[in-house]
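Rule-based calculations on the coordinates, nothing more; no lab input. All values reported here derive from a predicted model rather than from experimental measurement. Here Cβ is always computed from backbone atoms with ideal geometry, including for glycine, and neighbour counts include all displayed protein chains.
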Amino acid sequence: MNQQFFISQINRLKDVYGDKNYPDARVYLIMREVSSISEKAFEQIIDQCIADCRFPPMLADMREKISIAMERQRDLDKCDERNQFHRIRKERYTLEGHDQRMICNTILRRITTGMPDIEWNAFLKLLDQLCEGGAA
């Protein structure tokens, strides 16, 4: 999180609840606690505090909101990783219908008619190249 952004959010708290409630030592502890969350999440936490708290929110008041924000961020990261994995997998390993049929037919031919080893090895080499993203 950008330090200027953090300070601007703390200033929002100070504007609502007063400077004396947020001395440097307390601000430092809040900064340590929120350093791993996104700016957007921190802004939402400050919005919630300003909207919901009658008294100046302290770190203890923010911890549950921080924990929820961190859990939400982990879920988003997992979703992004999963989507990226599926996109890459689809880009790299998408086979056309005729390719799938050719692979299945070749395997069946090897099983049923005893395809010669030289042809089978050439087929396996082709599959390796496809899996590596190379062209045969």
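With helices as the sole contributors, the chain gives -26500 deg cm²/dmol at 222 nm; each DSSP H run of n ≥ 4 counts as -39500 (n - 2.57), and the sum is divided by every residue.
With springs only between Cα atoms under 10 Å, which of 73, 44, 100 fluctuates most in a Gaussian network model of the chain? Judging by the Gaussian network model, the answer is 100. Here the Karplus relation 6.51 cos²θ - 1.76 cosθ + 1.60, evaluated at θ = phi - 60°, turns the backbone of the stretch 22-32 into coupling constants of 10, x, 3, 4, 5, 4, 4, 5, 5, 4, 4 Hz, with x for every Gly and Pro. In terms of other Cβ atoms within 10 Å, 113, 106 run from fewest to most in the order 113, 106. The slack between residue 109 and residue 76, meaning 0.36 nm per residue of separation minus the straight C-alpha distance, is 7.3 nm. A crude spin-label estimate for the pair residue 126 and residue 8, with each label 7 Å from Cα along the Cβ direction, gives 5.9 nm. Each of [x] -0.61, -0.72, -1.11, -1.17; [y] -0.70, -0.79, -1.07, -1.11; [z] -0.50, -0.65, -1.11, -1.17 is a candidate for log10 I(q)/I(0) by the Debye sum over Cα atoms at q = 0.12, 0.14, 0.20, 0.21 Å⁻¹; the one calculated from this structure is [x]. The lysines whose alpha-carbon is closer than 25 Å to the alpha-carbon of residue 78, local same-chain residues fewer than 8 away aside, are 40, 65, 90.
Computed from Cα atoms, the angle from the helix 97-113 axis to the main principal axis of the chain rounds to 50 degrees. Positive-end ranking of 4, 84, 36 along the dipole of the chain, with charges on Cβ about the Cα centre, is headed by 84. Which of the GluC sites (Glu not before Pro) found in the stretch 1-107 are loop residues per DSSP with 10 or fewer other Cβ atoms within 10 Å of their Cβ? Qualifying residues, ordered by number: 96.
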